[in-house]
1. Mind giving me the nanometre distance, one decimal, between the label points for S503 and R215, set 7 Å out from Cα along Cα→Cβ?
2. In what sequence do R475, R109 fall when counting other Cβ within 10 Å, fewest first?
3. For the chain, find the longest principal axis of its Cα atoms and tell me its angle to the long axis of helix 645-669, 0 to 90°, nearest 10.
4. Once amide H atoms are built 1.01 Å from N in the peptide plane, which residues 5 or more positions from C470, or in another chain, come under 5 Å H to H?
5. Determine the sum of side-chain charges near V433: Lys and Arg each +1, Asp and Glu each -1, restricted to other residues whose C-beta is under 9 angstrom from that of V433.
6. Structure shown: which of K231/K480; K186/K217; K153/K682; K208/K480; K392/K444 lie over 32 Å apart, alpha-carbon to alpha-carbon?
7. Under the rule of -39500 (n - 2.57) per DSSP H run of 4 or more residues, summed and divided by the residues of the chain, what mean residue ellipticity at 222 nm is obtained, to the nearest 500 deg cm²/dmol?
8. Could you give the dipole magnitude of the chain about its Cα centre, charging the beta-carbon of Lys and Arg +1 and that of Asp and Glu -1, in debye to the nearest 20?
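Each value in this text was obtained by applying a stated rule to the coordinates, not by laboratory testing. In this text, all values refer to a predicted model and were calculated from it rather than measured experimentally. Counting neighbours? That spans all protein chains shown, and the Cβs are built from the backbone with ideal geometry, glycine included.
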Amino acid sequence: MESQYKLHSRLDQPPPDRGTIDTRGLRFSRAMIFAIEEINNNTELLPGIKLGYQIYDSCALVPVAVHVAFQFINSFDPVFYTGNNCSQSGMVMAVVGDSGSTPSISISRLISPFNIPQVSHFATCACLSDKQQYPNFFRTIPSDQFQAEALAKLVKHFGWNWIGAVRSDSDYGNNGMASFLQAAQKEGICVEYSVSFYRTNPQSRIQKVADVIRRSKAVVVVAFASFGDMKILLEELSREPFPPRQWIGSESWVTNTELTRYSFCAGAIGFGIPKSAIPGLREFLLNLSFSEVTTSSVLTEFWEDAFNCRLKKSKRSSMVKRYKVCDGTEDIQNLQSQYTDTSQLRITNMVYKAVYAIAHAIHNAVCLGKNVTAQCNKLTKLEPKQVLTELKKVNFSQNGYDVSFNANGDPVANYELVNWQKHESGITEIVTVGLYDASLPVGKEFRINRNITWMEDSAKVPVSVCSGSCPLGTRKVLQKGKPICCYDCIPCPEGEINNITDSADCLPCHKEFWPNAKRDTCIPKPVEFLSFHDILGIILATFSVLGALLAIITAGVFFYHRTTPVVRANNSELSFLLLISLTLCFLCSLTFIGAPSEWSCMLRHTSFGITFVLCISCVLGKTIVVLMAFKATLPGSNVMKWFGPPQQRMTVVCFTFIQILICTIWLVVSPPFAIKNLTTYKEKIILECALGSAVGFWAVLGYIGLLAAFCFVLAVLARKLPDNFNEAKLITFSMLIFCAVWITFIPAYVSSPGKFTVVVEIFAILASSFGLMLCIFAPKCFIILFKPEKNTKKYLMSKNQS
């Protein structure tokens, strides 16, 4: 005698008013029968124990599924049968199914109080992983949570951020799409629209969903829908032409070969359960005898639809006149149907594994020991709760595939990335192009190992974005009232760069760097200073050298004609000292040209201050000499003995020493130093000399101005003194030019930016120096060189006598 336990299976197929029998679902049920018969003939698994089964069609409808569940719950028979045949009302040990998530939820809620385990091969809703609500539910197919995350990563991988979303209005579609949208949001993907429908909806609802897809701008459409729902939608879309769309499909429909006849879906991609081979299954499916067909209403309907004939005893015999009679000569071996197509054994393998999982659970419950030589107690009265307990612990390998369940009743998630590729013959084939393994580390779960064919048979990845990618040097600015994927590309602000595509922020450059023209990288700011290579630098240096040469030449002329009345009458010693100081004034302007350094900054300001004081001191001495000379011509005056050459030298030395003292204090307390001016110009660096102490700088200038003003006043007082060559007039003009230049210099110096500050300073030095040079010495040189007849004592005396 052999003990026998009953399994209950549910075959999911569309309702009769929506089409013909689901041949794929029929293959699932036949695969279950094949697995049970294989187990019953196995001497190692459940030896001496037979498994029985009952198969029901839920028509993918919840009311039908609930009705059937009540049927087998109410038919529980506590009697333990040990006969050769299974009892028609024996205790159900487990349920295989349903194919849909919503019917599976309804069944689980009904049978869980009775501790009857349920193993689904196709119910993927993530909600079924909740063990508090569905403690008896297991599945051999991964949860949609894994598929949703994989689909979001797939969309992100190809750079799509503007997509449309379509779902079945069921637990499968709603929960799956919710998981996908949550994962998509994390990946920065935006959804233009999200619509739902169900196969039993009115035609107007289906048409409305199709119109949304036609009018949308999103090129990529993610469809999380069941096969039956998707078939209805694609049928509606095929009625009118619409712009090409790149379909991304969930496992439920994207691996179904029946839908590949819709050519506008060619190029679709999605995830499917890995293909497998079940030895002997094809032969079992094709080994369908005519007598077996006639005894089964489901097989009768399949046979009639497959061969377009009618059995004499068929319920549809009223239509026999329109069709030929089935006589058993039909050749199922050459039948092209999803029932006979074993090239895409994906979900079928899930059915196969579900049956074996239950068989192993029963084996572990009734057999002593877990090895192949275990002794099984044929007369053990098994309870469904025992099977439920053992089912949580099963771990075996079948046909090269491992079968086990985690704490939520889910298997390890493994998917194949499939692609609908259209061949030259016009046939669309489902081709595996990649893999996804959720057990691998983050970032390594997903890989593509084969070329993908896209929509319109293109090898180029389609573009589906709300806004184009923002290039380097720009940043994203969101468009008001639109999703984050819709934005404008705005150039980075001045002084900032962006070297990351699609970045929302620009980064400021370091203070010594500046963006390039494209604003995608920071480059060193150009360093600017008055150089000897600049045109201005060359011009100013030339005038400085020319001025110095002119002063030296003048000194040479004076030295050569030092015995002449013109030279002797104008204090030749002070004249030579003045010419030397003017030469130094011209040459000190050269220290302002070139890159500033610590020493050049100190040298340029101090040399300028000291040489100009020396120069003004000489002019002041000459002015005082003129005044004293006039006083000396008065009767009884001996003033010249109080301001002779020693006093003149001492005057120059004292005035100059005061400036030297001011400069020394300045250099000791807070000397000038070289700095990089980063504020005057944002895009370049100005190398300049900081004053160190502004008080020191203005003290130097102020002292020069004080001497110049004093000298100017004395020269004005002496300008009308009678003399054939009144030097006071020449000094007056020279000091007038000198004061005008330096009064103008102050506002120009303060307001000039960058290197032009130095240019203004050099110009003031050269202009005032040339003013002194030309006004004081040019007339004398003219007489010496071109009017020698006037360079006589007689000429000078005659003028005085007049």
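1. Calculated label separation equals 4.1 nm.
2. R109, R475
3. Helix 645-669 sits roughly 20 degrees off the main axis of the chain.
4. Under 5 Å from the amide H of C470 lie the amide H atoms of D502, each far enough along the sequence or on another chain.
5. Taking every Cβ under 9 Å from that of V433, the sum is 0.
6. K231/K480; K153/K682
7. One gets -14000 deg cm²/dmol as the mean residue ellipticity at 222 nm.
8. Roughly 3760 debye, rounded to the nearest 20.
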